[in-house]
Amino acid sequence: MSVKTGFICDESYFWHQTGNGALNIQSGGWVQADTHAENPESKRRVKNLLERSRFMDELQQISPREATRQEILINHSKEYINKIKELSDAGGGDAGVHAIVGPDSYEIALKSAGGVMTSVDAVMEEEVQNAYALVRPPGHHAEPAEGMGFCLFNNVAIAAKYAREKYGLKRIAILDWDVHHGNGTETAFENDSDVLFISVHQENIFPKDRGAITYTGKGDGEGYTVNIELPAGTGDEGYFYAFDQLIAPVFDQYAPELIFISAGQDASRFDPIGRMSVTAEGYFQMSKRIKKLAEKHSSNRIIACHEGGYSTAYVPFCTLRVIEALKGKRSQVDDPFDQGFHEGPIYPHQKEAVQRAIEVQRAYWDLK
Ligand SMILES: [Zn+2]
């Protein structure tokens, strides 16, 4: 079913400067630095591809507003917000663990969070049914009082809290498929039953001490955190297995009124930082599954928010496929990296990893 899909982006998102680096190592080490892995290029090319393929004509372009400082306080401490502003005004620095701040990053990060909030309003007020927010800097690692993993303000956490407050939603689901664990978002909602958080990620990647399947939330939130750790090398079929056996049944039982996707396309098979093997078509099929769940439960409401993804050549194709699935229409673009054979079979140890997560979650959900 073709629906109205919003596209939220702003030129300033590409102006957040992360400086030089060798992949994610900042300059000054043993190897010559070029551009840091978290640079604008993979994101800007998403927009370029939408324009060049004319798929942008199928989307409703929506300008993001800036979040106010008060709105950021919904998820972050005053001291931390001040720290980002001070570093930004001083021309740059690090706001935590690999949380790079450049000149004007504070204002850009306000607009990044604001972009996801703008998406919430557009979807809740039925201007569009779903939306893709191509925002930057990303957010899912950002903790209440510490930046982490290229993330400054937690865009999805802020927007979900905003949606809960403004629209009185009782059940919001966040699916984080970035290859890294969405630790900041998990922290934001670990005590809450009105936000279900599901993270599917590569095991033992980043942050090292988070995302174990045995962690299921606490207090009122116990059972509303679902962690799925997949072994390095997992491809399309492994992800589909996790979707069909665990994610979809949990969504069906939770029946969310609004769905967020923390859409990091760094589980792609060309990502220089992740070690997974998802294809662009794999992203299409995962997104299609979420769209079906949204049709059933959330009046089609989905907000996909860009997180990681570092292959400048492949992230645009993967992200285009996500947007096509949201829209319910294919573009003219073929995946030029599709080599015509099935590249994502599932192996027994990958299946077992999903089974282990299912065993943990059986305490809370009815699962096969
Ligand atoms: Zn990531």
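Using a simple charge model, +1 on the beta-carbon of Lys and Arg, -1 on the beta-carbon of Asp and Glu, nothing else, what dipole does segment 65-217 show about its Cα centre, in debye to the nearest 20? Don't jump to the answer; show the numbers that get you there.
Details: 14 positive and 23 negative charges, 20 e Å.
That gives a dipole near 100 debye.
For segment 103-142, the alpha-carbon radius of gyration amounts to 1.27 times the rule-of-thumb value 2.2 N^0.38 Å expected for a compact globular protein.
Please state the relative contact order of the chain as a whole percent: Cα pairs under 8 Å, 6+ residues apart? Provide the component values of the computation, followed by the final result.
Numbers: 862 pairs, mean separation 67.5, N = 368.
About 18 percent, as a whole number.
Its Cα gyration tensor gives segment 1-98 an equivalent ellipsoid; the semi-axes, largest first and in whole Å, are 30, 23, 10.
For a quick check of your reading of the filter: which trypsin sites (Lys or Arg not before Pro) in segment 285-341 sit in a DSSP loop and have no more than 14 other Cβ atoms within 10 Å? Of the trypsin sites (Lys or Arg not before Pro), the ones in loops of segment 285-341 whose Cβ has at most 14 other Cβ atoms within 10 Å are 329, 330. Ranked by the mean number of other Cβ atoms within 10 Å per residue, highest first, peptides 47-57, 72-82, 111-121 order as 111-121, 72-82, 47-57.
So which chymotrypsin sites (Phe, Trp or Tyr not before Pro) in segment 298-368 pass both tests, a DSSP loop state and at most 12 other Cβ atoms within 10 Å of the Cβ?
Numbers: sites: 310, 314, 317, 337, 341, 364, 365; in loops: 310, 314, 337, 341, 364, 365.
Passing sites in segment 298-368 are 341.
For segment 160-232, trypsin sites (Lys or Arg not before Pro) are listed when DSSP marks them as loop and at most 15 other Cβ atoms sit within 10 Å of their Cβ; the list is 170, 208, 218.
Using the alpha-carbon positions of the chain, Rg (one decimal) and Dmax (whole number) come out as 18.7, 55 Å.
Report relative contact order for segment 254-351 in percent, whole number only (criteria: Cα-Cα under 8 Å, sequence separation at least 6).
On the way: 126 pairs, mean separation 34.4, N = 98.
After rounding, I find 35 percent.
With contacts taken as Cα pairs under 8 Å and at least 6 residues apart, segment 204-296 reaches a relative contact order of 25 percent.
So what's the back-of-envelope 222 nm ellipticity for the chain, counting only DSSP H runs of four-plus at -39500 (n - 2.57) apiece and dividing by all residues, rounded to 500? The helix-only estimate for the chain comes to -10500 deg cm²/dmol at 222 nm.
Here, each number is a calculation from the coordinates, and none is a lab measurement. From a predicted model like this one, the values you see are computed outputs, not experimental measurements. Because the Cβ atoms are built from the backbone with ideal geometry, glycine has one as well, and the counts that use them run over all protein chains shown.
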